[in-house]
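Report on one structure; see the data block that follows.
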Amino acid sequence: MEYEGQICRAPMERASYMLPVMVGCSYNGCKFCTLFKHLKFRKLPLPQIEEELLRVKTAGGNPKAIFLGDGNAFDLPTNELVEILELIRTYFPDGPSVRMDATVTGILKKDQEELLTLRFLGVEHLYLGIESGLEDVLSFMNKDHTIDEAKKAISGIQRAGMFFDAHIMTGVAGCERGEENAKALAAFLNETKPARVINFSMFLQKNAPLYKEIESGNFQPATELENLKEEKILLEELGPMDLSYDGFHDFIEFRVRGNLSKDKEKMINKISDEIKRRENDKNIFAYA
């Protein structure tokens, strides 16, 4: 596989066959993100995509799941996605489950008939960068969507028969706003009911646009201890539902995961123990 840039996909897609259909991210405007800032966005030509499918087919591959890369493949125009999906069906007629990253604005550009068409052609699971439950945080981080727009987009894909996973970030609201953000996010997730929540403790990348906001005093970051406390409140506020949860604090090498309906108390206890262990670590920030 020819691939340009840094591979980025949800952890649960590690066993999926990754099929690049673009380089970079067509939006690429989030202040905290550095994954695609060094890349010039471009769509990959259909013959190159077909060549990759042929390579896998010739090698005896028969994937049950295919992840379309890169940063926001679902935002491609519907007619272009249809061509790609039909190619996939040509080479793998068993009809593998197709997953990819999406943006709220990209979903909203597609009407319900288009969403139904894409679902019919195999699109099953989308990953959405929700990040925060607070309108001012979304605006500050340049997320290009509002809470209401996110709810509308999610309703559309769910009515079409697709699932979504919510990507969120503890620490995204900044210092002393963790509880506020956690409660707002829990309310959003309780209403929209994702299949999974992937929660990353936000890295403070020195080459990200957000870092300039930190230097200028426009954003005061939260500590990793604050982020743990935010995550604990989030889990406490989430209502009963069949939800897979995976929370990462890579900087301090801590992770909590489980099914909300079965493991909620166990996950909260694990975070509580980590908070107690780190009560004196009041100045650890996830700078990278």
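Just a few scattered comments:
- Using the average count of surrounding beta-carbon atoms within 10 Å as a protection proxy, the listed peptides 220-227, 166-173 rank, highest first, as 166-173, 220-227.
- Converting phi to 3J(HN,Hα) with the Karplus coefficients 6.51, -1.76 and 1.60 and the offset θ = phi - 60°, the range 184-191 yields 5, 5, 4, 4, 5, 5, 4, 7 Hz in sequence order, with x at every glycine or proline.
- Backbone amide hydrogens, once placed in the peptide plane, bring F164 within less than 5 Å of L126, A195, excluding anything fewer than 5 places away on its chain.
- Its Cα gyration tensor gives the chain an equivalent ellipsoid. The semi-axes, each the square root of 5 times an eigenvalue, are 33, 21, 18 Å from largest down.
- When the solvent-accessible area of the range 213-285 is split by element, carbon and sulfur atoms take up 42 percent of it, the probe being 1.4 Å.
- For the range 209-288, a Kirkwood hydrodynamic radius built from all Cα pairs, placed in the Stokes-Einstein relation at 37 °C and 0.692 mPa s, yields a translational diffusion coefficient of 237 µm²/s.
- Under 30 Å from K262, Cα to Cα: lysines that are on another chain or at least 8 residues apart: K64, K151, K152, K183, K193, K229, K232, K270, K276
- Length gained on full extension, R42 to Q220, computed as 0.36 nm times the residue gap minus the Cα-Cα distance: 60.6 nm.
- Taking every C-alpha pair closer than 8 Å and separated by at least 6 residues, the mean separation divided by the residue count of the range 95-216 gives a relative contact order of 27 percent.
- Rounded to whole Hz, the Karplus (6.51, -1.76, 1.60) HN-Hα couplings of the range 128-134, x for glycine and proline: 10, x, 7, 6, 9, x, 10
- Cα-based shape type of the range 152-288, given that a ≥ b ≥ c are square roots of the gyration tensor eigenvalues and the cut on a/c is 1.5: oblate
- Sequence-distant contacts, meaning Cα pairs under 8 Å at least 6 residues apart, place the relative contact order of the chain at 15 percent.
- Here the 3J(HN,Hα) profile of the range 211-224, calculated from phi with Karplus coefficients 6.51, -1.76 and 1.60 at θ = phi - 60°, is 5, 5, 5, 5, 5, 7, x, 7, 9, 9, x, 7, 7, 5 Hz, Gly and Pro shown as x.
- By average C-beta atoms within 10 angstrom, highest first, the peptides 101-108, 265-272: 101-108, 265-272
- Cα→Cβ-extended label distance, 7 Å offset, between E191 and D111, nm: 2.6 nm
- Per residue, the chain reaches -12000 deg cm²/dmol at 222 nm when only DSSP H runs of four or more residues are counted, each adding -39500 (n - 2.57).
- Cα gyration tensor, the range 1-117 - rounded (a/c under 1.5), prolate or oblate: oblate
- Share of pairwise Cα separations in the range 97-185, more than 20 Å, in percent: 36 percent
- Computed with a 1.4 Å probe over protein heavy atoms only, the accessible area of C175 comes to about 40 Å².
- Amide H contacts of Q205 (H built 1.01 Å from N, under 5 Å, at least 5 apart or other chain): A288
The values are calculated or read from the model by the stated rules, or taken from the named source; none is laboratory data. Predicted model only: the values in this text are computed from it and were never measured. Methodologically, a virtual Cβ is constructed for each residue, glycine included, from the backbone with ideal geometry; neighbour enumeration extends over all protein chains shown. These accessible areas exclude ligands, DNA and RNA; they are computed on the full protein's heavy atoms, side chains included. Shrake-Rupley method; radii C 1.70, N 1.55, O 1.52, S 1.80 Å.
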